[in-house]
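Below: the structure, in structure tokens.
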Amino acid sequence: MPATITSRTIHIGLAGLGNVGAGVYKNLDANRDLIVQRTGADIRVKRVIVRDISRARDVEVPPDMVSSRWQDLIDDAEIEVIVELIGGTTTAYDLVCAALRAKKTVVTGNKALLAERGQELFALAEKCGVPIYFEAAVAGGIPIIQVLQEGLVGNRILSIHGIINGTCNYILTRMSQAGLSYADALREAQEKGYAEADPTLDVSGWDAAHKAIILASLSYGFWIPQECVHVEGVDKIDIADFKFAKRLGYTIKLLSVIRADEKGLVEVRTQPTLVPLSHVLASVSGSFNAVLVNGDIVGESLFYGRGAGQDPTSSSVISDLCEAAATLVYGARHSGFVPHGLYGKSKPVDDTVSHYYLRLTVADEPGVLARVATELGRRSIGISSMIQPEDLEDTSGQTSLVLMLHDAKLGDVKGALDAIRALDCVRGEPSWMRVETLQGS
């Protein structure tokens, strides 16, 4: 017989009953006995806030528990923890601020809110002496926030490489493996529920960038300004780029890169990137996420799993709820973000250095390569290899020219691209991507 657990009831207010909110409500109830045994806390939803009370839901909630005023969560003295899952950066911000001022613990999965206003919110949390938990804000069910805050707390983080948007990873996987166009892959992702009806936040790269800002800020002890983050989306990638990349030994992933240089300047960027086929990140397919963390003591650690979805994300929210409950029962902890002065500056994105892939559509005439190479050479950008595959040429007097470029600063590459676009032998817009140098590939 299991030992009898004396539990304390923790009442929570749940703001948002969409996909993730419904998962939290459902799974809290399903695993209540396990949670009580492990935490000594009986976590119960007392009130639920939704925008539209009349809308049908995936879970049945007693009508007297539901309202449309988020202030009802603040006014209820029995509610000790507020779970914010409404999204956005306006009402959600007002709710979180009010909760902190009312000394109510906050759990959120809102990466846009934290990326844009996290510095203000964590300062307020520290002032009010109330923590914010946010495991669900990055990588769905992968416990990467806890890893950085606790598991690797004794490490200097040398770099993080992450595939942290399942929508884009699904689209790129289908383009690579099935030969679908971008438009067809996006349409399929929407049909399968991997992409929203309006996929702009995902395909523009900003969903992943918001997550990267959170990971970088935890790793380097200062809140990364959004204007210092370089972001590119996947909507301009052509199926031809996958063919050339494969021939060169690469695939294409939307990769978030976070690292500090020897001067302590921190770069944060999200963009389509050529990843070596021999590297483990190249095999992360479909809607899965993966985060590769390189610590100075532990070395490289890979964290892999479902990056979105009702159950994986609600698992992270419930993990935070359990920690919040344990804190209320047994003792206090910090606000969720601990600043320090070891770093403190973002690296200008034009100073970041990478190898590059460049595909040009050019006139099929002599001297084209020399003219392109001249513009690259003016900026000291070297060509490491070149292919001009005959099987991908067309019959309209133009051809493809694919160049792999040596390490170069982004600012120099952009300057060279401006000059190359102006050449009369170049047709259309150049396709270019970073090529990431990864250990173990």
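Out of everything in region 377-409 that is open to solvent by 80 Å² or more (accessible area, probe 1.4 Å) and acidic (Asp, Glu), what residue ends up being modelled with the highest pLDDT?
This residue is 407.
Of the residues 212, 195, 189, 208, only one is open to solvent by less than 20 Å² (accessible area, probe 1.4 Å) and assigned to a loop (DSSP other than H, G, I, E, B); which?
Step by step, each of 212, 195, 189, 208 is checked, and only 195 is open to solvent by less than 20 Å² (accessible area, probe 1.4 Å) and assigned to a loop (DSSP other than H, G, I, E, B).
If you take the residues of region 165-186 that are polar (S, T, N, Q) and outside any loop (DSSP other than H, G, I, E, B), which of them is farthest from residue 252 (Cα to Cα)?
167
Can you work out which of the residues in region 18-32 that are hydrophobic (A, V, I, L, M, F, W, C) and surrounded by 24 or more Cβ atoms within 10 Å (Cβ to Cβ) is farthest from the chain's Cα centre (by Cα)?
24
For region 215-235, which residues satisfy the criterion of being open to solvent by 40 Å² or more (accessible area, probe 1.4 Å) and touching a helix residue (DSSP H, G or I) at 6+ places or on another chain (Cβ under 8 Å)?
226, 228, 235
Answer yes or no as to whether residue 254 is of a type in the set (A, V, I, L, M, F, W, C), within 14 Å of the chain's Cα centre (by Cα), outside any loop (DSSP other than H, G, I, E, B) and under 30 Å from residue 399 (Cβ atoms).
When the stated conditions are applied, residue 254 passes them.
Can you tell me which residues in region 151-186 are touching a residue at least 60 places away in the same chain (Cβ under 8 Å), closer than 26 Å to residue 268 by Cα and open to solvent by 60 Å² or more (accessible area, probe 1.4 Å)?
156, 158
Restricting attention to region 265-318, report how many residues are open to solvent by 50 Å² or more (accessible area, probe 1.4 Å), of a type in the set (S, T, N, Q) and touching a residue at least 40 places away in the same chain (Cβ under 8 Å).
2
Output the residues belonging to region 42-92 that are in a helix (DSSP H, G or I) and either among the aliphatic types (A, V, I, L, M) or open to solvent by 40 Å² or more (accessible area, probe 1.4 Å) (or both).
63, 64, 65, 71, 73, 74, 75, 91, 92
Applying the selection to region 215-236, what residues are in contact with a strand residue (DSSP E or B) (Cβ under 9 Å, 6 or more places away or on another chain), farther than 17 Å from residue 166 by Cα and assigned to a loop (DSSP other than H, G, I, E, B)?
Listed by number, the residues that qualify are 222, 224, 225, 229, 236.
Would region 2-13 turn up any residue that is within 22 Å of residue 312 (Cβ to Cβ) and either open to solvent by 50 Å² or more (accessible area, probe 1.4 Å) or not in a loop (DSSP other than H, G, I, E, B) (or both)?
Within region 2-13, one or more residues are within 22 Å of residue 312 (Cβ to Cβ) and either open to solvent by 50 Å² or more (accessible area, probe 1.4 Å) or not in a loop (DSSP other than H, G, I, E, B) (or both).
The values are calculated or read from the model by the stated rules, or taken from the named source; none is laboratory data. As the structure is a prediction and not an experimental result, all values here were calculated from the model. We place every Cβ from the backbone using ideal geometry, glycine too, and count neighbours over all the protein chains shown. Side chains included, ligands, DNA and RNA excluded: accessible areas come from the protein's heavy atoms. Shrake-Rupley method; radii C 1.70, N 1.55, O 1.52, S 1.80 Å.
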